Amino acid sequence: MDLNNIVSQLDSANQEQIETILLQFNRENSHTFTFNQREEPLRSLCQSVLTVLGRQSQPSCQKTCLETLRILSRDKRVLAPVATREGMLILGGMAKLHAGDGGGDNQKTPQEETQSEEEERVVVEALKCLCNIVYNSSAAQQVSVDVQLAHGLCANLRVARTWHHEVGLFTLRLLFLLSALRSDLRGSLRREWQGVTLLTEVLEHTLDVHWVGPYEAARPDPQALPMPAEDNERAMEALKAMFNLTLSNAGGEEDDHQFRLIAAILRHLLMLKTETEEKTEEAHSHAVNLLNNLPVSCLDVLIDVPVQGGQEKYGGRNMDAIQMLIDFMEKRIDKGSNYKEGLTPVLSLLTEGSRHHREIRRHIKAQVLPPLKDVKIRPEIGTAIRNKLVRLMTHVDMGVKQTAAEFLFVLCKESVDNLLKYTGYGNAAGLLVARGLLAGGRGDTQYSDDENSDTEEYKSAKPFINPITGHVEEPMPNPIEEMTEEQKEYEAEKLVCMFDKLSRQNVIRPMGVRPDGTLAPLEETLCDPPEDISGSDSD
């Protein structure tokens with residue numbers, strides 16, 4: 001269709017004619033995301049549709065106009081007419097956000113008004129348009145701040161229990177987009193408009209949480225049906241928005257209570273199943289991201305629930321949620337891709353949980369670093385979790401490598417000797433250099449003393465383990481065994497000359513280890529031999 005012709009017809013057509021014209025445009029462009037036409041006709045059409053929306057018209061006509069605007073708003077070049085105060089106020093009004101009037105505290109929300117199905121579709125289409133426009137236009141983002149669109153969204157969160165699915169979904173999505181794209185909004189959303197509290201209530205309702213203790217939700221029924229797809233969709237949007245609002249926290253008693261409440265809800269979420277394994281993994285991923293934003297002291301909520309079956313292992317703490325996180329971590333390792341975004345968050349979470357909560361560390365270590373028995377195979381070879389993590393210690397991505405090494409180091413109570421026992425010096429060298437622990441010793445964190453967990457098999461094989469590779473190697477033939485003393489002396493002098501030549505040409509530089517465990521040129525370290533600061537340790 002010729003856009004100039006459409007615009008000229010819209011200017012003089014009645015509601016029925018407008019609807020007919022735009023319905024045809026919508027059908028022809030339902031899958032269009034970038035238009036080939038010049039910008040001017042597209043913007044003219046956008047302005048004409050906005051003008052129609054600004055007039056009093058029937059819901060069916062409004063819905064058709066909004067569908068057209070939603071299609072147009074996929075193209076960034078088109079957005080100038082709607083990324084204005086007038087345009088955003090029109091769309092905010094149709095979405096029942098009452099933008100520009102203080103956020104709607106004294107206004108009725110769309111769920112409090114009696115609405116026909118057609119009128120509800122208008123609200124949904126307006127919210128979809130706003131999502132597209134805010135995502136694609138920085139000017140629209142600024143106008144949204146000016147007209148307090150986020151305040152209107154928070155006002156609507158108060159009646160989340162009465163939402164129809166799509167109204168709730170796109171309200172939450174718009175809140176997520178605004179909080180993601182405008183970091184200056186997060187403080188107001190959290191402090192002035194109680195965004196975190198409101199989103200917590202949305203999650204409680206959506207996940208059907210029933211409290212049986214201060215921070216304890218009733219266990220999901222094992223026979224219950226999986227969480228419906230629609231509930232899961234809304235929960236994911238709420239988690240994404242809450243992640244943005246908790247990126248930085250001010251602390252305090254009130255915040256501590258709120259964070260513990262969130263941790264309890266996330267524990268409940270980890271125990272739930274959705275309709276597909278893929279959706280369950282997505283839910284767990286969002287839960288992990290949000291848990292990383294909470295103070296580490298709040299993670300005790302994950303294990304402070306009664307243990308089923310009367311088990312008293314790990315001080316009577318319930319490790320079901322921690323086990324779910326371990327399983328999630330292993331799935332992400334097995335995927336073999338996108339480690340930076342997919343794996344490092346859960347590794348960081350388990351690392352901090354292990355560093356600050358003894359029972360969590362003991363449970364994870366039992367799963368990841370069980371007592372060594374077979375030391376004939378290199379630590380990085382095999383299908384056990386330990387083998388997979390040791391392989392990551394030499395990953396090409398520096399962030400992945402450091403996170404995996406730090407995780408294993410904390411499980412070893414930051415003892416160099418223990419780490420080398422499980423990984424070998426070659427795999428651990430990068431971490432030890434970064435932490436200045438090449439000479440051995442411990443990290444700065446204090447850990448409790450546990451009993452020695454070395455197996456008899458490990459103790460008997462320990463003298464024969466190669467500390468570099470971390471396993472028992474077959475004895476290699478001695479290349480100088482058949483040499484005479486003169487030949488040995490000749491080879492030694494030849495080797496010294498080679499090293500001297502490479503050193504003088506700055507191809508290599510001999511290095512040594514200072515007493516504090518850091519690397520330094522060899523001549524500096526010969527004066528002060530490193531002290532023996534290693535100590536026995538076990539778990």
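General observations
- Local electrostatic count at residue 42 - Lys and Arg +1, Asp and Glu -1, tallied over other residues with Cβ under 10 Å: 0
- About its Cα centre, the dipole of the range 302-426 is roughly 360 debye, where the only charges are +1 on Lys and Arg Cβ and -1 on Asp and Glu Cβ.
- Among beta bridges identified by DSSP and lying wholly in the chain, the antiparallel ones come to about 90 percent.
- Note that the chain presents 50 Å² accessible area per residue, ligands and nucleic acids not counted, probe 1.4 Å.
- Charge dipole (the chain, unit charges on Cβ, about Cα centre) - positive-most of 257, 227, 518: 227
- Accessible area (Å², 1.4 Å probe, nearest 10) - residue 490: 140
- Rg(Cα) / (2.2 N^0.38 Å) computed for the range 317-470, rounded to two decimals: 0.98
- Report summary: the helix-based calculation at 222 nm, which adds -39500 (n - 2.57) for every DSSP H run with n ≥ 4 and divides by the residues of the chain, gives -17500 deg cm²/dmol.
- The value given for the chain is a Kirkwood hydrodynamic radius of 27.8 Å, derived from the mean inverse Cα-Cα separation.
- Normalising the Debye intensity of the range 270-325 to I(0), with uniform scatterers on Cα atoms only, and taking log10 at q = 0.16, 0.19, 0.31 Å⁻¹ returns -0.58, -0.76, -1.21.
- Fraction of accessible area attributable to carbon and sulfur, the chain (%, probe 1.4 Å): 49
- Under Stokes-Einstein, with the Kirkwood radius over Cα pairs as Rh, the value for the range 217-355 at 25 °C and 0.890 mPa s is 155 µm²/s.
- Counting charges near residue 117 (Lys, Arg +1; Asp, Glu -1) among other residues having Cβ under 12 Å from its Cβ returns a value of -2.
- For the range 419-517, the spread of Cα coordinates along the three principal axes comes to 54, 34, 19 Å, biggest extent given first.
- Each Lys and Arg adds +1 at its Cβ and each Asp and Glu adds -1 at its Cβ; summed about the Cα centre, the chain shows a dipole of about 1020 debye.
The values are calculated or read from the model by the stated rules, or taken from the named source; none is laboratory data. A quick note: this is a predicted structure, and the numbers were derived from the prediction, not measured. Note that each Cβ is placed from the backbone with ideal geometry, even for glycine, and that neighbours are counted across all protein chains shown. Side chains included, ligands, DNA and RNA excluded: accessible areas come from the protein's heavy atoms. Shrake-Rupley method; radii C 1.70, N 1.55, O 1.52, S 1.80 Å.
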